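Structure, as structure tokens:
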Amino acid sequence: MKKTFYSCPVCGKKSEIDVSSPAPECCGERMIPEPLPLCSIPVSAESSRTAGEDGPCFNGTTPRKS
């Protein structure tokens, strides 16, 4: 099952709770969900095409648009 990480805004305590469960309480307040970590994959030739909206390169087998 998927888990969500929560932290207490008062004391900073962290908890790992099932996604389908409601947010837990700590120090009399509802805990807040932790943000997802930033992507740490370095930019490379393998990941460079994912940012562009263009299609594959023209390979000469289909007619060009005028």
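The values are calculated or read from the model by the stated rules, or taken from the named source; none is laboratory data. Worth saying up front: this structure is predicted, and the values here are computed from it rather than measured. Using ideal geometry, Cβ is built from the backbone for each residue, glycine included, and neighbour counts are taken over all protein chains shown.
Descriptive notes on the structure:
- Residues satisfying the stated conditions in segment 27-48, i.e. among the β-branched types (V, I, T), out of contact with any strand residue (DSSP E or B) (no Cβ under 8 Å at 6 or more places or on another chain) and modelled with pLDDT of 70 or more: none
- The residues of segment 22-39 that are surrounded by 10 or more Cβ atoms within 10 Å (Cβ to Cβ) and assigned to a loop (DSSP other than H, G, I, E, B), listed by number, are A23, P24, C27, M31, E34.
- The residues of segment 12-21 that are of a type outside the set (S, T, Y) and either surrounded by 11 or more Cβ atoms within 10 Å (Cβ to Cβ) or at positive phi (or both), listed by number, are G12, K13, K14, I17.
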